[in-house]
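Below is one structure; the comments refer to it alone.
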Amino acid sequence: MRTIFSLILCAVSSLEAIAAESPNIIVIMADDLGFGDVSCNGSSTISTPNIDRFASEGIRFTSGYCSASTCTPTRFSFLTGTYAFREKGTGVAAPNAPAVIRPGTPTIASMLKGQGYATAVIGKWHLGLGDQAPDWNGKLQPGPLEIGFDHCFILPTTNDRVPQVIVEDHRVRNLDTADPLWVGNEKPSENHPTGISNRTELKMDWSVGHNGTIHNGISRIGFYTGGTQARFRDEDLADEWVRATTRWIEAHQGQPFFLFFASHDIHVPRAPHERFVGKSGQGPRGDSILEFDWSVGEILATLDRLGLSENTLLVLCSDNGPVLDDGYKDQSVELLGDHRPAGPYQGGKYSVWEGGTRTPFLVRWKGRVQPGVSDQVVCTIDLAASFAAFTGASLPDEGFLDSFNLLSALLGEPDARGRDHLIQQDNAGKRLGLRSGPWKLVRQPRGGNRLKGQDGGTIDSLFNLMEDAREQKDLANSNPEQLQRMRGILEHAVQSRSTRPQ
């Protein structure tokens, strides 16, 4: 008993010491990067040396998850520590979507800011801007600065959605007032060039849906005019994020800081810088993975150069699993070869199969986290409560409703345990997955006819991930007791206000 008590005291003392140090925190989130897209997770066809270095100097989680299989709900849950299915309007945000996270909502950024951290988000946002809609020619608020970030330098939506501009703090960067920016859902004029009317002029053809306004030879979802001076070139985005990150870290190296680095890679349209084109042998998708790996390397190099590596906790993750053809004809299928983006798992983006939410997940803190591999279940939704423990912050009763404090597991403490259960969702939360130990419940709509008001209900499937990682053998009929146990956990979690341990 004394030995156990001593271990507990040592662990508590260690965490208190960490909180007193106020180490820097950086979360690097890729976009649509699959578990098998990085060489540290077994890819033999794509080489990611900087991510491999990250993994070799930290912990590589084999059961690291995001909470949803599309970008907006995962980003919502990461920042708020609350499952996105609890909040209406958290599906993929449209170009003119208002702010999804409303002012006053507790977030990782507001919590860390309250602990004296400088806070910034650089890269893809896709959580809406403005009250009713963005005021593209005025002050874009509420947005990141109203929920705890001191600074933002962001792609407002996704790069396949209009407009192709960068928002810096509250305004569109480089916007000329004499050339106002207009964003809409319908063509502004009959002769407005689109991916349909001017398809032969495109440098990247579309396959489904991406046939609105053309910019940089690529047609997008939605329509916009004006803002010509503010528009960026797709190929330059990764360099923009890295330059902005370097400047911000240099400016804030004298105080504790939190940076959310949200890369646009490898989301469509995949248009990496020319220096990466053709390097992967897998077309734009593979080249974009190399570009993301380069971005990771640049961040690590900046920390090394400034002497910050041993005082910075880094997390690398993805917002959802992989997808190949996601609306553009970029040869992602034709050039795939033997590469398996989801690794040993089935499914990917948009699904609640393991490939949709089990992604690369790495933690590095040089000198403090012992390198290794962990099979503990951890999720991006847990970073909120874990960072609160990391910095000594208190969790409010009204926030972080589903975030678990997994700091010990993230830091690789002896005998630390990850989640005992985790809910996975698709974009709108109509499909749900539940992992509990080796078991996985998959709940999907049975069908029906919505136009006739018919609800077909749902169908539940049960899998043992330890024996069937690809979720091929449905055990629902042969394991009725286990099925009922999993149903009970899922239904209680969905109906409850919160699943956060008290």
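The values are calculated or read from the model by the stated rules, or taken from the named source; none is laboratory data. Note that this is a predicted model, so its numbers are computed, not measured. As a convention, Cβ positions derive from the backbone with ideal geometry for all residues, glycine included, and neighbour counts pool all protein chains shown.
In the stretch 80-113, which residue that is among the basic types (Lys, Arg) and not in a helix (DSSP H, G or I) is surrounded by the most Cβ atoms within 10 Å (Cβ to Cβ)? Per the stated criteria, the residue is 102. When the stretch 347-361 is filtered for residues that are assigned to a loop (DSSP other than H, G, I, E, B) and either more than 16 Å from residue 439 (Cβ to Cβ) or free of Cβ contacts under 8 Å to residues at least 12 places away in the same chain (or both), the ones remaining, listed by number, are 347, 348, 349, 350, 351, 359, 360, 361. Confirm whether residue 163 is in the same structural domain as residue 90 (by TED's automatic domain parsing) and farther than 22 Å from residue 229 by Cβ. Criteria not met by residue 163.
Residue 394: free of Cβ contacts under 8 Å to residues at least 12 places away in the same chain, farther than 22 Å from residue 374 by Cα and of a type in the set (Ser, Thr, Tyr), yes or no? Show your work before the answer.
Details: free of Cβ contacts under 8 Å to residues at least 12 places away in the same chain: yes; farther than 22 Å from residue 374 by Cα: yes; of a type in the set (Ser, Thr, Tyr): yes.
In short, yes.
Just checking, which of 295, 288 is touching a helix residue (DSSP H, G or I) at 6+ places or on another chain (Cβ under 7 Å), part of a helix (DSSP H, G or I) and either without any contact (Cβ under 8 Å) to a residue 12 or more places away in the chain or under 25 Å from residue 76 (Cβ atoms) (or both)?
On the way: 288 fails: touching a helix residue (DSSP H, G or I) at 6+ places or on another chain (Cβ under 7 Å).
The unique qualifying residue is 295.
Hey, any hits in the stretch 400-408 for a residue that's over 13 Å from residue 501 (Cα atoms) and surrounded by 20 or more Cβ atoms within 10 Å (Cβ to Cβ)? Yes, the stretch 400-408 has at least one match.
Of all residues in the stretch 347-381 being under 13 Å from the mean Cα position of the chain (by Cα) and among the charged types (D, E, K, R), which is surrounded by the fewest Cβ atoms within 10 Å (Cβ to Cβ)? Only one residue tops the list, namely 349.
Each row is one residue, and each column tells you yes or no for (1) touching a Leu at 6+ places or on another chain (Cβ under 7 Å); (2) at pLDDT below 95; (3) among the aromatic types (Phe, Trp, Tyr); (4) closer than 22 Å to residue 296 by Cβ.
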position	(1), (2), (3), (4)
307	no, no, no, yes
317	no, no, no, yes
321	no, no, no, yes
339	no, no, no, yes
360	yes, no, no, yes
364	yes, no, no, yes
376	no, no, no, no
393	no, no, no, no
397	no, yes, no, no
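Among the residues of the stretch 264-314, how many are among the hydrophobic types (A, V, I, L, M, F, W, C) and within 19 Å of the chain's Cα centre (by Cα)? Even if it seems obvious, please write down each step before you answer.
So the first thing to find is which residues in the stretch 264-314 are among the hydrophobic types (A, V, I, L, M, F, W, C), and the list is 266, 268, 271, 276-277, 289-290, 292, 294, 296, 299-301, 303, 306, 308, 313-314.
Among the residues that remain, those that are also within 19 Å of the chain's Cα centre (by Cα) are: 266, 268, 289-290, 292, 294, 296, 299, 313-314.
Counting residues in the stretch 264-314 that are among the hydrophobic types (A, V, I, L, M, F, W, C) and within 19 Å of the chain's Cα centre (by Cα) gives 10.
In the stretch 93-109, the residues that are within 30 Å of residue 220 (Cα to Cα) form Cβ pairs under 6 Å with partners that are of a type in the set (Ser, Thr, Tyr) and not in a loop (DSSP other than H, G, I, E, B), at six or more places apart or across chains, as follows: 93/72.
Checked against (1) closer than 18 Å to residue 202 by Cα; (2) without any contact (Cβ under 8 Å) to a residue 60 or more places away in the chain; (3) outside any helix (DSSP H, G or I), residue 253 passes all but a single condition, namely (1). Within the stretch 104-120, none of the residues are in the same structural domain as residue 257 (by TED's automatic domain parsing) and farther than 20 Å from residue 393 by Cβ. Looking for something under 16 Å from residue 357 (Cα atoms), modelled with pLDDT of 95 or more and either surrounded by fewer than 17 Cβ atoms within 10 Å (Cβ to Cβ) or within 19 Å of the chain's Cα centre (by Cα) (or both) - is there at least one such residue anywhere in the stretch 9-27? No, because not a single residue in the stretch 9-27 is under 16 Å from residue 357 (Cα atoms), modelled with pLDDT of 95 or more and either surrounded by fewer than 17 Cβ atoms within 10 Å (Cβ to Cβ) or within 19 Å of the chain's Cα centre (by Cα) (or both).
When residue 397 is tested against (1) out of contact with any helix residue (DSSP H, G or I) (no Cβ under 8 Å at 6 or more places or on another chain); (2) more than 16 Å from residue 67 (Cβ to Cβ); (3) not assigned by TED's automatic domain parsing to the domain that holds residue 115, just one condition goes unmet, and that condition is (3). Whenever a residue of the stretch 44-57 is assigned by TED's automatic domain parsing to the domain that holds residue 361 and of a type in the set (Gly, Ala, Ser), its partners that are modelled with pLDDT of 95 or more and part of a loop (DSSP other than H, G, I, E, B), lying with C-beta atoms within less than 9 angstrom and at least six residues away or across chains, give the pairs 44/338; 44/339; 47/280; 55/38; 55/360; 55/371; 56/371.
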